[in-house]
1. Would you please put 36-42, 18-24, 1-7, 49-55 in order of how densely packed they are, using the mean number of other Cβ atoms within 10 angstrom per residue and starting with the highest?
2. So what is the calculated 222 nm ellipticity per residue for the chain, using -39500 (n - 2.57) for each DSSP H run with n of 4 or more, over all residues, to the nearest 500 deg cm²/dmol?
3. Rounded to whole Å, give me the distance from the Cα center of the stretch 1-24 to that of the stretch 28-45.
4. Any chance you could give the angle, 0 to 90 degrees and rounded to 10, that helix 25-37 forms with the longest Cα principal axis of the chain?
5. Of His38, Leu27, Thr15, whose Cα points farthest to the positive end of the dipole of the chain (charges on the beta-carbon: +1 Lys, Arg; -1 Asp, Glu; origin at the Cα centre)?
6. Under a point spin-label approximation (7 Å from Cα along Cα-to-Cβ), what is the Ala53-Glu6 distance to one decimal in nm?
Amino acid sequence: MWLLAEVDLSQIDTTPVRLNISLPANLVEQIDAYARSHGATRSGLLARAARQAMAQR
């Protein structure tokens, strides 16, 4: 089965936004180590985790 959908890409804003959040230092170290070992960045890992958390709701 094939599906074609027209998507207006002008309605999707993927511009990065800088955030300032506070996390315990040891958690940031763990996040960075995990991201590095999986070929990801801190921002990419946190974005993926947020998407997964929201998808579970």
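1. Ranking, from highest mean packing down: 36-42, 49-55, 18-24, 1-7.
2. It lands at -15000 deg cm²/dmol.
3. Centre-to-centre (Cα) distance: 21 Å.
4. 60
5. Leu27
6. It works out to 3.8 nm between the two label points.
Each value in this text was obtained by applying a stated rule to the coordinates, not by laboratory testing. Keep in mind that what you see is a predicted model, and the values were worked out from it rather than measured. Methodologically, a virtual Cβ is constructed for each residue, glycine included, from the backbone with ideal geometry; neighbour enumeration extends over all protein chains shown.
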